[in-house]
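Just below is one structure, and these are the notes that go with it.
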Amino acid sequence: MSTSIPLQVTPSAFSGLVGVGRRDTTPPDGIYARMWGAASHDLATGVHRPLSATALALQAAGGRPRLLVALDIALLGDLGGASDAERVLGPVREALSLAPGRLLVNCSHTHAAPWAAMSRSHNPGGELIGPYLDQLSTAILEAGREAIDALAPATLTWATGSCDLARNRDLPDPASESGRFICGFNPTADADDTLVVGRVTADADGRVIGTIVNYACHPTTLAWDNTLISPDYIGAMRETVESQTGGAPCLFLQGASGELGPAHQYVGDPAVADQHGRRLGYSALATLEGMLPAGQALRYDGPVESGAPLAVWLPAPFEPSETLDGGLVDVPLPVKPLPPLEELEAQHAAAEDRPIKERLFRKIQIVRNLGGGDHEVSPAWVWRVGDSLLVAHANEAYSCFQEDLRAAFPDATVVVMNTSGAEVGYLYPPELEGLDLYQVWQTPFSKDALPTLTETCIGEGRRLFAA
């Protein structure tokens with residue numbers, strides 16, 4: 001047999017101490033909840049499904065814990081506003097004695113949650129934003145403490161599947177002759193359908209104590225006509241998965257979804273979001289169903305001569321990696337020349353169209369929050385968890401980011417997360433420079449920002465696997 005064919009197919013896995021915790025983060029009635037420029041309402045009128053914070057604690061033998069938190073919110077704070085994010089996460093790090101590189105909070109990016117930024121506190125319902133930020137901090141702390149207190153020997157095993165919920169959303173405007181793009185389903189373009197699923201199994205009894213679903217798709221099903229608080233498709237996905245895993249909490253981690261969203265979106269009907277969630281949940285369950293028990297791989301057992309010569313592969317034990325390493329990396333992302341703040345404020349004051357006024361307000365916040373200069377230092381988390389690589393960053397990268405990372409580490413499961421921190425804007429492929437495309441003109445980052453992030457994260461990943 002050719003030596004290029006492996007005789008054992010071993011999943012990426014981590015063996016160590018693992019714990020899970022969850023807390024409700026549903027906001028109070030009457031909070032400011034206008035995420036969409038086209039919306040005519042300011043306040044939420046009810047709750048479709050509750051929001052939550054779900055924490056996964058990881059610890060190697062003899063080491064210190066680290067915490068991965070899945071949070072149902074669009075983003076922490078304002079565009080580039082680190083102060084709101086620090087208000088939420090600072091007390092968590094202090095209370096749990098976690099260095100910044102050991103606390104990773106991934107925002108699901110649901111657009112049906114409050115825009116929890118103090119810059120919005122002057123709006124109707126804005127007086128509830130500050131208390132809600134403190135509520136988020138308390139919930140993350142309590143979920144994290146529960147997860148750390150529950151640390152026990154367990155195995156985290158990964159598998160890769162697919163789901164076609166996500167579709168490309170860079171659509172050349174059929175009614176435009178100027179080359180404008182609009183943000184919605186493009187049926188002619190390919191989309192990354194990669195679905196990564198993790199399963200945490202207790203070593204003591206083989207019970208599933210938690211699952212992870214990592215998928216890249218904007219939670220923008222519910223849009224300007226929706227007035228309900230909702231995790232979007234993520235709520236029904238969790239319900240679907242948890243119903244078949246004994247209620248074990250499921251963490252959703254938003255992937256590199258800069259140009260990805262559902263084909264059917266921008267609606268007010270929560271039933272559409274639930275349908276999308278079940279669709280992703282069934283795909284995750286199919287991937288889980290195909291996994292072997294924890295600590296088992298498929299090993300070639302030799303041929304059997306029958307009507308055809310048959311290759312027999314049988315389950316066999318293996319020792320999962322106990323390595324847990326990595327932390328925070330500062331990435332200097334190149335920034336475009338930005339208009340003066342005074343110019344934007346004058347345009348905002350003169351604007352009468354509500355969506356245009358909202359665009360200008362967001363641009364003002366970006367310019368205010370950036371430090372000036374030709375680059376902005378942005379955080380990236382790069383963790384080695386057994387034989388897997390977890391990479392997270394604060395902004396919204398196109399899916400080529402996760403594709404390039406997976407190509408660089410073909411023998412590892414790579415979990416990629418957007419919107420993990422104080423987001424500023426999109427990171428787009430250089431070949432899109434100059435297009436009249438939302439992700440290009442929205443962002444303050446230049447065409448070189450995404451290659452810079454990719455190169456930095458690949459380099460740090462290689463260092464961790466070489467250690």
Keeping every protein chain in place, order 356, 212 by accessible area at 1.4 Å, biggest value first, i.e. largest first. 356, 212
Alpha-carbon centroids, the range 255-298 and the range 61-107: separation in whole Å: 25
Cβ under 15 Å from residue 60's Cβ, residue 60 left aside: what net charge do those residues give with Lys, Arg +1 and Asp, Glu -1? -1
In the full protein assembly as shown, how much of residue 94 is accessible to a 1.4 Å probe, in Å² to the nearest 10? 150
Global geometry of the range 66-181, whether rounded, prolate or oblate, following the gyration tensor of its Cα atoms and the 1.5 cut on a/c: oblate
Calculate, axis by axis, the spread of Cα positions in the range 336-467 along the three principal axes, and write the results as whole Å, longest axis first. 56, 26, 24
Rounded to the nearest 10 Å², the accessible area of residue 182 at probe 1.4 Å: 60
Considering only C-alpha atoms, what is the centroid distance from the range 355-387 to the range 127-165, in Å? 23
Assuming R0 = 25 Å, what is the FRET efficiency of residue 312 and residue 411, from their Cβ-Cβ distance, to the nearest 0.05? 0.55
Using only the Cα atoms of the range 317-382, build the gyration tensor, take square roots of its eigenvalues as a ≥ b ≥ c, and label the shape rounded, prolate or oblate: rounded if a/c is under 1.5, else prolate if a/b is larger than b/c, else oblate. prolate
The answer for the net charge of residues other than residue 272 whose Cβ lies under 15 angstrom from its Cβ, with Lys and Arg +1 and Asp and Glu -1, is 0
Between the residues 237, 20, 408, the Cα farthest towards the positive end of the dipole of the chain, that dipole coming from +1 and -1 charges on the beta-carbon of Lys, Arg, Asp and Glu, is from 20
How much of the accessible area of the chain, probe 1.4 Å, is carbon plus sulfur, in whole percent? 53
Positive end of the dipole of the range 332-392, charges at C-beta (+1 Lys, Arg; -1 Asp, Glu), about the Cα centre: which of 372, 391, 339 has its Cα farthest in that direction? 391
Please figure out what share of the DSSP beta bridges in the chain is antiparallel and state it in percent, rounded to the nearest 5. 75
Residues with beta-carbon under 12 Å from that of residue 236, excluding residue 236: net charge, scoring Lys, Arg +1 and Asp, Glu -1? 0
Just want to confirm a number: the relative contact order over the range 175-272, from Cα pairs under 8 angstrom separated by 6+ residues, in percent. 33
Would you calculate the convex hull of the Cα atoms in the range 378-434 and tell me its volume per residue in Å³? 75
Which order do the peptides 108-119, 248-259, 189-200, 267-278 come out in when sorted by mean C-beta neighbours inside 10 angstrom, highest first? 248-259, 108-119, 189-200, 267-278
How far apart, in nanometres, would the label points at residue 435 and residue 225 be if each is projected 7 angstrom from Cα along the Cα-to-Cβ direction? 2.8
Full-stretch length increase - residue 463, residue 278 - with 0.36 nm per residue and alpha-carbon distance subtracted: 62.7 nm
Zone residues, the range 100-144, relative to residue 94, backbone N less than 20 Å from point 7 Å out along Cα-to-Cβ: 100-105, 118, 130-144
So, R0 is 22 Å and r is the distance between the beta-carbons of residue 352 and residue 122; what FRET efficiency does that work out to, to 0.05? 0.75
Per-residue ellipticity at 222 nm for the chain, helices alone: DSSP H runs ≥ 4 residues times -39500 (n - 2.57), over residue total, nearest 500 deg cm²/dmol? -8500 deg cm²/dmol
Percent of alpha-carbon pairs separated by more than 17 Å within the range 31-100: 61
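The values are calculated or read from the model by the stated rules, or taken from the named source; none is laboratory data. These numbers were taken from a predicted model, which means no experiment stands behind them. Virtual Cβ from ideal backbone geometry, glycine too; neighbours counted across all protein chains shown. Keep in mind that these areas ignore ligands, DNA and RNA; they rest on the heavy atoms of the full protein, side chains included. Shrake-Rupley method; radii C 1.70, N 1.55, O 1.52, S 1.80 Å.
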